[in-house]
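Worksheet for the structure shown next.
The values are calculated or read from the model by the stated rules, or taken from the named source; none is laboratory data. Everything quoted here is computed from the prediction, not taken from an experiment. All Cβ positions, glycine included, derive from the backbone under ideal geometry; neighbour counts span all protein chains shown. When the accessible area is computed, the model is the full protein with side chains, heavy atoms only, and any ligands, DNA or RNA have been set aside. Shrake-Rupley method; radii C 1.70, N 1.55, O 1.52, S 1.80 Å.
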Amino acid sequence: MSALLEVSGLAAAYGRARVLFGVDVAVEAGGLMCVMGRNGVGKTTLLNAVMGVLPPTAGKVVFDGEDVTGLPVHERVRRGMGYVPQGHETFPQLTVADNLRVTLEASRHRDGAAIEEALEVFPRLKELLGRRAGFLSGGQQQQLAIARALVTRPRLLILDEPTEGVQPSIVAEIEAAIERLHRERGLAVLLVEQYLELALRLADGFVIIEGGRVCRSGPAADLHDEEVRRLLAV
Ligand SMILES: Nc1ncnc2c1ncn2[C@@H]1O[C@H](COP(=O)(O)OP(=O)(O)OP(=O)(O)O)[C@@H](O)[C@H]1O
Ligand SMILES: [Mg+2]
């Protein structure tokens, strides 16, 4: 059996500062894997290395059976890896509609229906199509950032703390959207999330990173363990 995404022995560094030391993580087709760990342990670095934003110093990234370790970011996106970086990145000067359109133009399929599909996931955005992204609330920007990734029609959605700094009512909408994408559309998800309750509700499995290494992994049910809570306590 092979997973949709298989990351093995991944190491990464910023100059001489080593941050990741041989991380293994896999996402099954249709699975939802949660990456957890305290601030600064290397979660974002892991996602950046998986996407090729930060070329890894060692290890391998295999997507759908293909070794993509040496490929540039846009080639990974073309193959179906959608990435929503931490901090809800959008084009602040462009309207919501144009944010989605430029992503469509850059996508492999260029099927305009993909914008409609993404808006079905976040109906709130439909009323904001003419507004500049920079004027949206943090939560709305996060929804737009996820919608942009969806426009590329990914097979794997990689999300870095999508609920961070987002108002509670929109956290619930984002959680519901991830759940629907995963359960109804069968989208595979690699989710960095520090909020344990949300991970418990959504994930099939988890890894906990500490000091750039996976220190614990298992099925989501194990997130109830006392040791896990201790590892995540701030
Ligand atoms: N661009 C960079 N240059 C140098 N060091 C960096 C850079 N980005 C992150 N680091 C360092 O690498 C380590 C891991 O950072 P990373 O952002 O991956 O952690 P994280 O687990 O995502 O944290 P958070 O929960 O705060 O988002 C930290 O010590 C951080 O200071
Ligand atoms: Mg981070």
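The rows are residues; the columns are (1) outside any helix (DSSP H, G or I); (2) away from ligand 1 (no atom under 16 Å from the Cβ); (3) basic (Lys, Arg).
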site: ALA3; (1), (2), (3): yes, yes, no
site: LEU10; (1), (2), (3): yes, no, no
site: GLY22; (1), (2), (3): yes, no, no
site: GLY70; (1), (2), (3): yes, yes, no
site: GLU75; (1), (2), (3): no, yes, no
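Could you go through the stretch 87-100 and let me know if any residue there is part of a strand (DSSP E or B) and in contact with a Leu (Cβ under 9 Å, 6 or more places away or on another chain).
Yes, because at least one residue in the stretch 87-100 is part of a strand (DSSP E or B) and in contact with a Leu (Cβ under 9 Å, 6 or more places away or on another chain).
The set of residues in the stretch 150-170 being open to solvent by less than 10 Å² (accessible area, probe 1.4 Å), touching a helix residue (DSSP H, G or I) at 6+ places or on another chain (Cβ under 9 Å) and of a type outside the set (Val, Ile, Thr) consists of LEU157, LEU159, ASP160, PRO162. Of everything in the stretch 167-198 that's in contact (Cβ under 8 Å) with a residue 60 or more places away in the chain and part of a loop (DSSP other than H, G, I, E, B), which residue is farthest from ligand 2 (Cβ to nearest atom)? Out of the qualifying residues, it is GLY186. Once the stretch 104-122 is narrowed to residues that are at pLDDT below 95 and assigned to a helix (DSSP H, G or I), the residue that is most open to solvent (accessible area, probe 1.4 Å) is GLU105. Quick check on the stretch 30-45: of everything there that is part of a helix (DSSP H, G or I) and open to solvent by less than 30 Å² (accessible area, probe 1.4 Å), which residue is nearest to ligand 2 (Cβ to nearest atom)? Among them, the one singled out is LYS43. The number of residues in the stretch 12-29 being more than 17 Å from the chain's Cα centre (by Cα) and open to solvent by 10 Å² or more (accessible area, probe 1.4 Å) comes to 9.
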